[in-house]
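Q: My questions all concern the structure below.
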Amino acid sequence: MQRLMVFLGHPVYGLGVVLFTLLLSSGIGSMTVAGASSARDVIIRRVVGLLVTIIIVGVLTPFVTHATRTAPTSGRILLSVFLLTPPGFFMGMMFPLGLSVWRRYSELLPFFWAANGVTSVFASVLGMALSMEFGIAQTFAIGALFYAVAAVTATRRSLQTST
């Protein structure tokens, strides 16, 4: 978001474009999980899709934003939407996939929803603090690492429940 605020030229554009795109694309990603198989290979494919997408977008974003920084605002907004949609789509799948892995523990469902809400708020503040301390690229790498840890955990858990 910080990188795109600078790229788009105004914090309002950055916040609006980023939030709108991530909310819409993650909602669509979340809808694709409904009724889908929670088999281990399906979960692994979706998680790998997220990790690959995060890496590709993370590598491409600095180059693309630098190369197109003089483009008209509408073009930069459209480019930002294209950069944010794929990772947002895959990120939207992760919470429903996590719920499907832990579905045997239905009494913990309220806890999972609460943990998701709390960590969403906490992560945005932590992300800002980490960006100020270490830089945007390192914070992005830390976030990708957390997704990788969550992917390993979910995959191992789905193996345990399927056996």
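Q: Please rank Met5, Met132, fewest neighbouring Cβ atoms within 10 Å first, as an exposure proxy. The partial results should precede the final answer.
A: Working: Met5 16, Met132 11.
Listed from fewest to most nearby Cβ atoms, that is Met132, Met5.
Q: Give me P(r) over the chain, computed from all C-alpha to C-alpha distances, binned every 5 Å, as integer percentages.
A: In whole percents, the pair-distance histogram is 1, 8, 15, 20, 20, 14, 9, 6, 3, 1, 0, 0.
Q: Can I ask one more? Rounded to whole Å, give me the distance from the Cα center of the range 1-66 to that of the range 129-154.
A: 14
Q: Between the helical axis of 109-134 and the dominant principal axis of the chain, each derived from Cα atoms, what acute angle in degrees is found, rounded to the nearest 10?
A: Its long axis makes an angle of about 30 degrees.
Q: On a 0 to 90° scale, report how tilted helix 136-162 is relative to the longest principal axis of the chain, with both axes built from alpha carbons and the result rounded to the nearest 10.
A: Approximately 20 degrees, to the nearest ten.
Q: Contact order normalised by length for the range 31-163, with contacts defined as Cα pairs under 8 Å and 6 or more residues apart; what percent is it?
A: Computed value for the range 31-163: 42 percent relative contact order.
Q: In addition: For the range 71-81, what does the Karplus curve 6.51 cos²θ - 1.76 cosθ + 1.60, with θ = phi - 60°, yield as ³J(HN,Hα) per residue in whole Hz, taken in order and with x for Gly and Pro?
A: So the J values, rounded to whole Hz, are 5, x, 4, 4, x, 5, 5, 4, 5, 4, 4.
Q: Going by how many other beta carbons lie within 10 Å of each one, how would you line up Tyr105, Tyr147, fewest first? Intermediate values should be presented prior to the final figure.
A: Working: Tyr105 11, Tyr147 17.
With the fewest neighbours first, Tyr105, Tyr147 line up as Tyr105, Tyr147.
Q: Taking the number of other C-beta atoms within 10 Å as the exposure measure, put Phe63, Phe89 in order starting with the fewest.
A: By the 10 Å Cβ count, ascending, the order reads Phe63, Phe89.
Q: Compute the acute angle (0 to 90°) between the alpha-carbon long axis of helix 11-31 and the principal axis of greatest extent of the alpha-carbon atoms of the chain; round to the nearest 10°.
A: Value to nearest ten degrees: 30.
Q: For n ≥ 4 DSSP H runs only, could you compute -39500 (n - 2.57) per run for the chain, divide by its residues and tell me the 222 nm figure to the nearest 500?
A: -29500 deg cm²/dmol
Every number in this text was worked out from the coordinates using simple rules, so none of it is lab data. Model, not experiment: these values are computed from the prediction. Backbone-built Cβ (ideal geometry, glycine too); neighbour counts: all protein chains shown.
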